[in-house]
Structure formats: structure tokens, C-alpha cells
Amino acid sequence: MGESFLGSETLCIVVPCYNEEESLGAFRDALEEVEGSLTEYLAKPIDFVFVDDGSGDRTLAILREFHRLSSRYHYVSFSRNFGKEAGLLAGLQQAEKLGSTCVAVMDVDLQDPPALLPKMFARMAETDCDVVATYRESREGEPPVRSWFAHRFYGLMNRISDVEMRDGARDFRLMRQRVVRAILSLPERERFSKGLFAWVGFDTEWIGYKNIEREHGETHWSFWSLVKYAMSGVIDFSKVPLEGISIAGLVVFLLSLVFLVFIVVRAAIFGDPVAGWPSLVCIVTLLCGLQLLGIGVIGLYLSRIYSEVKARPAYVAKEEA
Ligand code: UDP
Ligand code: MG
């Protein structure tokens, strides 16, 4: 067991919120309930950092009220919706300012069961690890097509990127301060947190749990937004698409050389009757398609470079407390 773990830690919980007026109350109640079983690890009550990601409902009003009732409920409010990744970044930055020795990240919709927190702490104390991460063992209640694509995504990511991402990994995790510092030291603006968490490494323990459906409100992820999210994961953490397209180009070039020799030899032996219009069309469309694909792939990387070079901040905060 890590010395000085029991009773000496301070915990900050980072909670991204987007239009969550219905979930906030239940979340706070659930956390206050679980807090009692964490006292053996903690030197002081839990600090919370809620990030209002430009909500259009009463989320900010509720967060202000939380803060008014107790100053340990902190919040940052964005000037518009910047996405959950930006929310996580802002939350982790606040947690770092508070100097908490442990930071947990969790969703507000209670899909990340608060009852798991004591288990996560127990595991951290037991194994002296730096991170206790969670994953969903099942995807019950999710459309099968979505699960199928999710599994393919993790399979693909683990094959083509340097980082190891566990299938079903949630953002729900408990981290020591040094892990948070490592994550914050990564300067990129387009942040794919699942990848960043994996990239920084550290000793990680995994705890699985069954999928829990949202209590209130609806998921903010449409199928298409998940596809885009998956693509950004690939672009951020793998060069394989670029390499793949170069190899495809090379293969097509070599094939066309063979084809050229074939045509020349055939013309020399059998003369040159005008034929082969259909095959010509096929070849031209194939090559055009391949070129467009290549340009598209390069474009995706280029757009990443573009947004990193512009160096706009990941979010704009309009209010914090
Ligand atoms: N969220 C956010 N900004 C967004 C979308 C979502 O801060 O643009 C928050 C949301 O309030 C929730 C968490 O991210 O706390 C996860 O969102 P959601 O439940 O919609 O995702 P799912 O659990 O379906 O993956
Ligand atoms: Mg959710």
C-alpha cells in the first residue's frame, strides 16, 4: 500500500455538463451520499469542478446556486458550446489550480456510477497505481449497429496507433496529480481525451461495470457525431492512413507499369485496333477515386495542422467561481 495514502488525499471531481438541468440535482445527491465512504482516504471534503459547456438551459443557474450554498462546488462556464473535450480540459486545469492530489472525471448523467468511487480508491490504495480507469463490460441498451461500429473502432485503433485503448473505456477515471499534470502538459488543442489518457501511460488499473442508461435527458451523441469522433481519434493517433495511401499509390503505379508493357506488347503483336473504351473508363475512374481519397486523407491531417497552427484556445470561459 502506498504510504501516506489513507486519510491524506484531496479529491477534485471534474464534471462536464451540457444542458443538464435535469441531472445536476440527482448527481449532487448521489455524490454526497457516496462521500461518506470516502472519508477514510480524504483529508478534506471533495471539491467539484463543473464545466458548463455553453448550455442553453438552467445549468449555469443551478451551478451558481450550488456554489452559493457551498464554495467547494466550483464551476467554469463557457461562452458557447465547445464540446466535452474542451470541458474536460478546463475542468482538469481548475483541478490542478486547486492542487488536489487526486482527480476524478465523471459524467453528470449518472451513467458513471458514483458507487464505484470507493472501489476505485480502494484499488488505488491497494495497488499504489496512478490511475484507476473504468470500462463498460456490456453495451446493453445501445443500438447494436452502434456497438458493432464501436468494437470495430477499438480494434482498428489498437492495430494502427501506438496507444493501447481498451474497448469500452469510459472517461470515468481516478488519477493522481502527476497524471493530470502530464495530460495538461500536452499542448494540442484538438483533444481526443481517450487517446491522451492512453498516451501519457502510468500504471493503470481497470474496473469494469455494466452499462447504465441515462436517468434524465438524452445523449448528445448522434451516430454521425460518433463517426466524426472516431475519425478524429484515428487522425490524432495514427499515421497509418497516410502511409496506407502512399502504399496504395505505389501499388497502383506498379500495376500500371505492368499494364503498360502488356498494352505495348499486344499492340506490337496484334496491331492496334481501337477497342477497350470500357476498360479505359474503369481505369480512369479508379485512379480518380484513388487520387481523391488520397487528397482527402491528406486534407484531414492538414486541417488538424491548420487548427493547431491557428492556436486558438480550446475554449473561452465567460464566468468562473
Ligand atoms: N457534454 C459536454 N459537452 C457536449 C456534450 C456533452 O460537456 O458538447 C457532457 C454531458 O453533459 C455529459 C457528458 O459530457 O456529462 C457525456 O455526454 P453524454 O451523456 O451525452 O454522452 P454518452 O454518455 O452518451 O456517451
Ligand atoms: Mg451519458
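Readers should treat all values here as calculations from the given coordinates under stated rules, not as data from a laboratory. Everything quoted here is computed from the prediction, not taken from an experiment. We place every Cβ from the backbone using ideal geometry, glycine too, and count neighbours over all the protein chains shown.
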Over the chain: helical MRE at 222 nm, DSSP H runs n ≥ 4 each giving -39500 (n - 2.57), nearest 500: -17500 deg cm²/dmol
Let me see the pair-distance distribution of segment 185-321: every alpha carbon pair, 10 Å bin width, integer percents in order. 8, 22, 25, 19, 12, 9, 5, 1, 0
Counting Lys +1, Arg +1, Asp -1, Glu -1, what net charge surrounds Gly201 among other residues with beta carbon under 10 Å of its beta carbon? -3
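Considering only segment 99-247, what is the antiparallel percent among its DSSP beta bridges, to the nearest 5? Mind showing how you got there, number by number?
Details: 8 of 14 bridges.
Around 55 percent of the beta bridges assigned by DSSP in segment 99-247 are antiparallel ones.
Determine, for each peptide in 279-291, 199-211, the mean count of other beta carbons within 10 angstrom over its residues, then list the peptides with the highest first. Could the numbers behind the result be given before it?
Details: 279-291: 11.4, 199-211: 15.6.
Descending mean neighbour count gives 199-211, 279-291.
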How long, wide and thick is segment 178-239, going by the Cα atoms along their three principal axes, in whole angstroms, largest first? 34, 28, 19
Protection-proxy order for peptides 239-246, 140-147, each taking the mean of Cβ atoms within 10 Å per residue, highest first: 239-246, 140-147
As a test, work out the antiparallel percent of DSSP beta bridges whose residues both lie in the chain, rounded to the nearest 5. 35 percent
Quick one: give the max-minus-min coordinate of the C-alpha atoms of segment 10-114 along each principal axis, largest first, in Å. 39, 26, 26
How large is log10 of I(q)/I(0) for segment 209-260 at q = 0.15, 0.21, 0.29, 0.30 Å⁻¹ when the intensity is taken from the Debye formula with one equal scatterer per alpha-carbon? -0.67, -0.87, -1.03, -1.05
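Return the Rg/Rh ratio of the chain with Cα-based radii and a Kirkwood Rh. Provide the component values of the computation, followed by the final result.
Values: Rg = 25.3 Å, Rh = 22.4 Å.
Result: Rg/Rh = 1.13.
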Could you state the angle between the C-alpha long axis of helix 144-160 and the longest principal axis of the C-alpha atoms of the chain, as a value from 0 to 90 degrees rounded to the nearest 10? 80 degrees
In the neighborhood of Ile235, defined by Cβ-to-Cβ distances under 11 Å, what is the net charge if each Lys or Arg adds +1 and each Asp or Glu adds -1? +1
Any idea what angle helix 223-237 forms with the longest principal axis of the chain, computed on alpha-carbon atoms, 0 to 90 degrees, nearest 10? 80 degrees
Taking Cα atoms only, helix 116-127 is inclined relative to the longest principal axis of the chain by an angle, in degrees rounded to 10, of 80 degrees
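Quick one: divide the alpha-carbon radius of gyration of segment 108-196 by 2.2 N^0.38 Å and tell me what you get.
On the way: Rg = 14.8 Å, N = 89, 2.2 N^0.38 = 12.1 Å.
Relative to the rule-of-thumb radius for its length, segment 108-196 sits at 1.22.
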